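Laboratory data are not the source of any read-out in this text; all were calculated from the coordinates shown. Remember, it's a predicted structure, so these values are computed and weren't measured experimentally. Neighbour counts run over all protein chains shown; Cβ positions are idealised from the backbone, glycine included.
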Amino acid sequence: MRRVSLRNLRAHKLRLFLTLFSIVLGTSFVVGSIVFTNSVSKAFTDIFDSAAQGVAVEVTPADRQSPGVPLWVVDQLRDQRTALGIDKLVVNNSGLVTVADSDGKAIQTGGAPSVGTTYIPENEALDPDESRILPGGRGPADAGEIALNASAAEEAGLKVGSKTKVVIGQGSSTPLDVTVVGLIDLPASTGGYVNAQFDAATALGLFTDGRHVGLVDMSAVDGVSPKQLQERVRTFLGSDADLYEVRTGDQVREDQKAQVNEFLQIFQYILLAFAAIGLVVGTFIIYNTFSMIVAQRNREFALLRAVGASQRQVSRSVLFEAFVVGVLGGALGLAIGIGLAAALKAFTSASSGLPEGELTIGVGAVLAGILVGVVVTMISAWVPAARAARVPPVEAMRASAAEGSASLRNRTLIGAVIGLASIVAIVVGAMDEGSGPALTVGAGAAGLVLAAVLVGPAFARPFVGVLGRVVGAPFGTIGRLARTNAVRNPRRSAATAFALTLGLMLVAIIGTLGQSFKGTVDEAVDSGITADYILSGTNQGPLPPTVGPSVEKVPGVGEVVSFGVVQAKVDDQPVQGFSALGGPLSDVTVMDMEDGASSTLPADGMLISHRTAMTKGWERGQVLNFTSPIGEQVQVPIAGVYADNEALQPWVVGPAVYDRLVPPPARFDITVFVKAEAGADLETLRTGLEDATAGYLTVQVKDRDQFKGQISAQIDQMLGTLYAMLGLALLIAVLGIINTLALSVVERKREIGMLRAIGMVRGQVRRSIYLESVLISIFGAVVGVILGTLIGVALVRTLAAWGLGAPVIPWSLIVITLVASAVVGVLAALWPAVRAARTGPLEAIADL
């Protein structure tokens, strides 16, 4: 039987190719998803593993809002180096910066950090590899020099000797003129990451108050372990030890990993979900292919049974064929999947600020290739083969295909029950808010997908039948023939459409979430902001606090309100809000008071939003005890509660409170709202604002529509990776349709030959295949869009507690999707239709 199987494979090269193609499709998507996930995770891990290299012990403030470690502590540690067992001791100061490119524009980071740090000379570095100045450069020596990481310099068109400008994120009024004197080869970083390094004295003056440093790193002398040095430093600090975190280098790296662990877990869950989707899509494509191939070979199996082969031998021969093509398809899919992951990683690293790094294949990707390529293939082949082997030889010889004739009643009933239960779960979850209901909606969504698989064939027959009457009506007999072919085997039609259903369901979910986020932003700006212009920072960074006063003098300006960031503690819990400096809030925003007689913000008080009042339990008249980063206690009375305004979340304090809570070196604004004078020309005002802020480098002047567009672009950027993965899923789905149609043409060879013999011309054959593909594609698209929109709306409702507004259905995306599905149907049918049209009538009729 093995020889029979191998000869069968060699004798039917087209069938072998199409089978291999289906396995490669399924395997490559799964492998690509896993390799991409592994690569991004490994890149993040490398970043954290490369941090604090050579550091035995690091000292940082225990309070993250503290100005830093006092210089007198650093001096005492240096004086006691020998007694404590310290080899080298270095300090580092850092802060947000913006660097101009070769055109004088701010370097766009794509969401990655842009920071300034202290340059550590190689002879002082704790790790000899820590200072990586590339050939031809050197470290910065004074305030007019910087060293820049090589990747950022290449992106910005800068090189050693280039002159540029740097804006310090907190407190600098004008850009610094600097020269790039060295390029740094960082071991690992995120795409778009910018690191400008300054000499120690300059970094101390730019990023601290001059009396503190950001952190202290130490290496240990030979014979002293990091743990021993840690204990010695703690003992040395004595009663002040509780004011600082004294950690070993390993603890520093683990803590940095923990800080972003939640993001990494969410990101990995998303990517693994795509890998699972790839497994489902691949399984369906492979199963669909083998179901058709085995059905086409019913007469062949019957002949083998007639000459003495047992049911087990027939099943084993099919499994052996599946094993052979599974190994070949899995190997090819593994190679192609790695290529897909490399392309996807290059795209996302360039557009979303994800980490850069080498492609990481890993054992999981290889095992996934084997699983999909061999195991799934053999299971997909065995089920229809076992069914075919049970058909009596005489009956099998009488019919060319028996697949698809079994009743759909039981699976439809089971699917209907699961579907109803899933819809109930989704509705119940959507009626509540929070992470628990979101999980309920997620469980309901999984149930709906399973229900779609079970109910799909029963639903396909009436839907495609009705759609076929409408779409096929202009084509007369050809349209009726296409409709009949599409509904002849509802199992196959539903399975063919399912891959497209799954992909478009995810498109609808993500589209609904993205459009709802944009809708929330639009509503917040339209209903909450009355300012004519909003001044914001490049790369979503801060603005110097001098921007507001600088634009007050521009002709045509009525009111200017600057929003500074306030970080403090209330009842030992960290809180963050804003201050409003300048004119009245009510002149630039909508202040609908729910509790309080006046919307005027008192200089020594605060106003809170309705959402904050509900979540924090704060109320008007209550006096909150704020603690500033330097430990000053400030009593702040709540003067009123205003209706939720996303532009003013979660609370706003007056200027006197701001002056006491935020030390001058830590002050920066996040936005500046500008209201024009009555009758002022807005375009003239824009020109004046741009001229007044031109020297700041980081300031962007936008009207309300442009401000909304900027935030919408940021949302699109965050969704870019997901859309890229979805594009891959849809590509696999389209290729799966091509594969199924090609096999369908092979299966219907005699039928097509008969039609050609009685007068059907090649153009009519092609049109019938086109129409059949369009019907199947539209069916899959409609089901996917309906399910995705339902799930997306429910998810939006559960996120209302986090500030997300009413669901916004992406109607334009839905219309485009449905039209595109019809186009996809035609494109997917091009090759199968051409092949069908070339079928010779006499050859097809004579073919067994």
Inset, instruction - Determine the dipole magnitude for the range 543-697: charges of +1 sit on the beta-carbon of Lys and Arg, -1 on that of Asp and Glu, nothing else is charged, the reference point is the Cα centre, and the result goes in debye to the nearest 20. - result: 360
Legend entry - Size of electric dipole in the range 52-261: Cβ of Lys, Arg +1 and of Asp, Glu -1, about Cα centre, debye, nearest 20: 200
Legend entry - Degrees, to the nearest 10: 762-798 long Cα axis against longest axis of the chain: 40
Inset, instruction - Order the peptides 787-795, 193-201 from the highest to the lowest mean number of other Cβ atoms within 10 Å of their residues. - result: 787-795, 193-201
Legend entry - For the chain, with +1 on Lys and Arg beta carbons and -1 on Asp and Glu, the positive-most of V819, A443, A385 along the dipole: A385
Inset, instruction - Sort S586, S28, S225 so that the residue with the fewest other Cβ atoms within 10 Å of its own Cβ comes first and the one with the most comes last. - result: S225, S586, S28
Inset, instruction - Hey, can you grab everything whose amide H is under 5 Å from the amide H of V557? Only 5+ residues off in sequence or another chain; H modelled, so Pro and N-termini drop out. - result: E677
Legend entry - Rounded, prolate or oblate (a/c below 1.5 giving rounded, otherwise prolate when a/b exceeds b/c) for the range 543-697 by Cα gyration tensor: oblate
Inset, instruction - Please give the net charge around V466, taking every other residue with its beta carbon less than 14 angstrom from that of V466, where Lys and Arg add +1 and Asp and Glu add -1. - result: +4
Legend entry - 12 Å beta-carbon shell around G596, net charge (K/R +1, D/E -1): -3
Inset, instruction - Work through the residues other than R409 whose Cβ is under 14 Å from its Cβ and net out their charges, Lys, Arg +1 and Asp, Glu -1. - result: +3
Legend entry - Pairwise Cα inverse-distance average, inverted: Kirkwood Rh of the chain (Å): 31.4
Legend entry - From phi via Karplus (6.51, -1.76, 1.60), per-residue ³J(HN,Hα) for the range 822-837 in Hz, x at Gly/Pro: 5, 5, 4, x, 5, 4, 5, 8, 4, 5, x, 5, 5, 5, 5, 5
Legend entry - Per-peptide average of other Cβ atoms within 10 Å, ordering 205-213, 704-712, 508-516 highest first: 508-516, 205-213, 704-712
Legend entry - For the range 543-697, with +1 on Lys and Arg beta carbons and -1 on Asp and Glu, the positive-most of L543, M593, A678 along the dipole: L543
Inset, instruction - Mind running the shape call on the range 52-261? Use the C-alpha gyration tensor, a ≥ b ≥ c as the square roots of the eigenvalues: rounded below 1.5 for a/c, prolate if a/b tops b/c, oblate otherwise. - result: prolate
Legend entry - the range 543-697: relative contact order as a whole-number percent, Cα under 8 Å and 6+ apart: 34
Legend entry - Mean ellipticity per residue at 222 nm, deg cm²/dmol - from DSSP H runs of n ≥ 4 across the chain, formula -39500 (n - 2.57): -19000 deg cm²/dmol
Inset, instruction - Have a look at G479, L513, V35 and report the one farthest towards the positive end of the charge dipole of the chain, computed about the Cα centre with Cβ charges (Lys/Arg +1, Asp/Glu -1). - result: G479
Legend entry - Given 16 as the ceiling on other Cβ atoms within 10 Å, longest exposed-site-free region of the chain for GluC sites (Glu not before Pro) in DSSP loops: 125-357
Inset, instruction - Just report the Cα centroid separation between the range 742-817 and the range 525-572, whole Å. - result: 48
Inset, instruction - Compute the acute angle (0 to 90°) between the alpha-carbon long axis of helix 682-693 and the principal axis of greatest extent of the alpha-carbon atoms of the chain; round to the nearest 10°. - result: 60
Legend entry - Percentage relative contact order, the chain, counting C-alpha pairs under 8 Å, at least six apart: 17
Inset, instruction - Using DSSP, restrict attention to beta bridges with both residues in the chain and report what percent are antiparallel, rounded to the nearest 5. - result: 80
Inset, instruction - Mind sorting T615, T693 by how few other Cβ atoms lie within 10 Å of their own Cβ, fewest first? - result: T615, T693
Legend entry - Inter-site label distance for A656 and Q313 at 7 Å from Cα along Cβ, in nm: 10.0
Inset, instruction - With both partners inside the range 543-697, how many of the DSSP beta bridges are antiparallel, as a percent to the nearest 5? - result: 85
Inset, instruction - Return the Cα extents of the range 427-478 along principal axes one, two and three, sorted largest first, each rounded to a whole Å. - result: 54, 20, 11
Legend entry - Antiparallel DSSP beta bridges within the range 52-261, as percent of all bridges there, nearest 5: 75
Legend entry - For Y642, residues with placed amide H under 5 Å, excluding near neighbours: E594, I608, S609, H610
Legend entry - Magnitude of the charge dipole, the chain, Cβ model with Lys/Arg +1 and Asp/Glu -1, debye to 20: 7480
